[in-house]
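Structure first, then comments.
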Amino acid sequence: MSFPPFLCFFFLSFLPLSTPLPSSPYLSPTILPQNYQKMVKNFKIYTYTPPETLSFDSKAESLFYSSLIHSNFITQNPEEANLFFIPFAFNADVSIRTAGFVVWDYRRDFVYWNRTLGTDHFFLSCSGVGHGSDRNVVELKKNSVQVSCFPTTPGLFIPHKDVSLPPLANVHAPAQGLSSKSSSYLGYVRYNWVKDSSLVEQLLADPEILVDSEPSDQLTYEERLVGSKFCLFEYGPEISAIGEAMSFGCVPVVITDRPIQDMPLMDVLTWQRIAVFVGTSGGAKEIKRVLGRVVVEEYGDMRESAVVASKHFVWNQTPQPYDAFHMVMYQLWLRRHTIRYAEREWA
């Protein structure tokens, strides 16, 4: 399988050199293409029989599920599987008790859960499964990989094992890519991207920052993405548009006062090379100071990295190499190594 052009440019740039390597959005630019090919060739998923009706909370979940069950990753032989998929919609209205019963059914009817206490299993839950004292829920929550929507529900995402789905984009930059642009604005805030009223007032007073006072149509939105150096998001539900901003070359600015551990593709991308993270304590003045420094020191590299990384946020009805579906699968593949316990009887 050949690499897409946008990856070839970066990966060819990262062959061993005597000079410092240029900027890249990837954590391991030389290892990723090699591991990806191994994943495509060797990764196998066994899925239990799904219920007659299976309805997920989000379109991203539905696309992932449909792509998975129609992919070459699926095996009918559980003994050759690297991971096991639980085909159950753990939606927000599913009780902890019901979640426990789901796990108990698999524990009772199959040997695979008990071999690893669920560490080689994964499931979809847009909002995340809550905590409970039932042993089955504890193992599901603590051991199995939860694939959630981004941004995830606070307290229901475990960073070292769980995975967040790249958000589904409503708009995409032209397929032929973006040329060098002359930006009209330093920053752009779409309607509702920043909800802190005090911060919004400060940003409105700055002539270099464009702040929407009402929802804009798609054409206007795209023009403002193209015409701005940075797109400002307050961490929360509206940050799901981050992939759209990246694809148009608008470097994301994530406004938050706490560490963010659920960014999509955390095992693949170096987010500090793609986005700017800034707190709220200094207000618009501090945000402006940080952006001014970035413009001088690293904006060109960050914009290029953001555009390249955005290719991995694209969901396709028929999955394509290195798209959102395959990069989520790649993160699951990285989690395939588990400890298997000796079989025993469980009460």
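Please name which of GLY279, PHE64, GLY187 has its Cα lying farthest along the dipole of the chain towards the positive end, using unit charges on Cβ (Lys, Arg +1; Asp, Glu -1) and the Cα centre as origin.
Final value for the positive-end residue is PHE64.
Could you give the dipole magnitude of the range 158-233 about its Cα centre, charging the beta-carbon of Lys and Arg +1 and that of Asp and Glu -1, in debye to the nearest 20? Before the final figure, lay out each step's value.
Values: 6 positive and 10 negative charges, 67 e Å.
Here the size comes out at about 320 debye.
Could you look at the chain and say what percent of its accessible area is carbon and sulfur, using a 1.4 Å probe and all protein chains?
Values: 8540 of 16460 Å².
Here carbon and sulfur together make up 52 percent of the probe-accessible area.
Just to confirm my numbers, what's the Cα centroid distance between the range 75-94 and the range 125-156 in Å?
Using only Cα atoms to place each centre, the spacing works out to 15 Å.
I want the local charge near THR280. Using Cβ-Cβ distances under 9 Å, sum +1 for each Lys or Arg and -1 for each Asp or Glu among the other residues.
Numbers: positive: none; negative: ASP196, GLU234, ASP257, GLU286.
Summing Lys and Arg as +1 and Asp and Glu as -1 gives -4.
Of VAL102, VAL138, CYS126, whose Cα points farthest to the positive end of the dipole of the range 90-159 (charges on the beta-carbon: +1 Lys, Arg; -1 Asp, Glu; origin at the Cα centre)?
Most positive-ward Cα: VAL138.
DSSP loop (so not H, G, I, E, B), at most 16 other Cβ within 10 Å: list which trypsin sites (Lys or Arg not before Pro) in the range 100-208 pass both filters. List each step's numbers first, then the result.
Numbers: sites: ARG107, ARG108, ARG115, ARG135, LYS141, LYS142, LYS161, LYS181, ARG190, LYS195; in loops: LYS161, LYS181, ARG190, LYS195.
Listed in order of number, the matching sites are LYS161, LYS181, LYS195.
For the range 80-214, report the accessible area per residue in Å² (1.4 Å probe, heavy atoms, rounded to an integer). Please list the in-between numbers first.
Working: 6040 Å² over 135 residues.
With the other protein chains kept in place, the range 80-214 gives 45 Å² per residue.
Considering only DSSP beta bridges where both residues belong to the chain, give the percentage that are antiparallel (nearest 5).
On the way: 1 of 28 bridges.
Given both bridge residues lie in the chain, the antiparallel proportion sits at roughly 5 percent.
P(r) of the chain in 10 Å steps, Cα pairs, percent per bin?
5, 24, 30, 23, 13, 4, 0
For the chain, what number of Lys pairs, 8 or more residues apart or on separate chains, have alpha-carbon atoms under 22 Å from each other?
16
Would you mind estimating how fast the range 225-347 diffuses translationally, via Stokes-Einstein at 25 °C and 0.890 mPa s with the Kirkwood radius over Cα pairs, in µm²/s?
On the way: Rh = 16.3 Å.
Translational diffusion coefficient: 150 µm²/s.
Roughly how many debye, to the nearest 20, is the charge dipole of the range 115-184 about its Cα centre, given +1 on each Lys and Arg Cβ, -1 on each Asp and Glu Cβ, and no other charges? Each step should come with its number before you reach the end.
Values: 6 positive and 4 negative charges, 19 e Å.
Taking the Cα centre of the range 115-184 as origin, the dipole is about 100 debye.
Across all directions of projection, what mean area in square nanometres is found for the Cα convex hull of the range 259-321?
Mean orientational projected area (the range 259-321, Cα hull): 5.6 nm².
Just to be sure I follow the definition: excluding the sites themselves, where is the longest run in the chain that has none of the GluC sites (Glu not before Pro) in a DSSP loop with at most 12 other Cβ atoms within 10 Å?
53-342
Give the Debye-formula value of log10 I(q)/I(0) at each listed q (0.18 Å⁻¹), with one equal scatterer per alpha carbon of the range 129-217, two decimals each.
One equal scatterer on each Cα of the range 129-217 leads to -0.94.
Excluding VAL103 itself, what net charge comes from residues whose Cβ is under 13 Å from its Cβ, given Lys and Arg +1 and Asp and Glu -1? Please report the intermediate quantities before stating the final value.
Working: positive: ARG97, ARG107, ARG108, ARG135, LYS141, LYS142; negative: ASP105, ASP109, ASP134, GLU139.
Overall, the nearby charge balance is +2.
Given a cut-off of under 8 Å on Cα pairs at least six residues apart, what relative contact order in percent is computed for the chain?
Working: 555 pairs, mean separation 63.9, N = 347.
Over the chain, the number comes to 18 percent.
When only DSSP loop residues count, what chymotrypsin sites (Phe, Trp or Tyr not before Pro) in the range 256-347 have their Cβ near at most 13 other Cβ atoms within 10 Å?
On the way: sites: TRP271, PHE277, TYR299, PHE313, TRP315, TYR322, PHE325, TYR330, TRP333, TYR341, TRP346; in loops: TRP315, TYR322, TYR341, TRP346.
Counting only loop positions with at most 13 other Cβ atoms within 10 Å, the chymotrypsin sites (Phe, Trp or Tyr not before Pro) in the range 256-347 are TYR341, TRP346.
Given Cβ point charges of +1 (Lys, Arg) and -1 (Asp, Glu) and nothing else, what value in debye, to the nearest 20, does the dipole of the chain about its Cα centre take?
Details: 29 positive and 35 negative charges, 195 e Å.
Result for the chain is approximately 940 debye, rounded to the nearest 20.
Please give the net charge around MET302, taking every other residue with its beta carbon less than 11 angstrom from that of MET302, where Lys and Arg add +1 and Asp and Glu add -1. Mind dumping the intermediate values first?
On the way: positive: LYS229, ARG273, ARG303; negative: GLU297, GLU298, ASP301, GLU304.
The answer is -1.
Based solely on its DSSP helices, what 222 nm [θ] is calculated for the chain when runs of n ≥ 4 H residues each add -39,500 (n - 2.57) and the sum is averaged over all residues, nearest 500 deg cm²/dmol?
Numbers: 12 runs with 118 residues, N = 347.
Dividing the helical sum by the residues of the chain leaves -10000 deg cm²/dmol.
The values are calculated or read from the model by the stated rules, or taken from the named source; none is laboratory data. The structure presented is a predicted model; accordingly, all values stated were derived computationally and were not measured. When we count neighbours, we look across all protein chains shown, and the Cβ atoms used for this are built from the backbone with ideal geometry, even at glycine. Remember, those area values only see protein heavy atoms, side chains included, never the ligands or the DNA or RNA. Shrake-Rupley method; radii C 1.70, N 1.55, O 1.52, S 1.80 Å.
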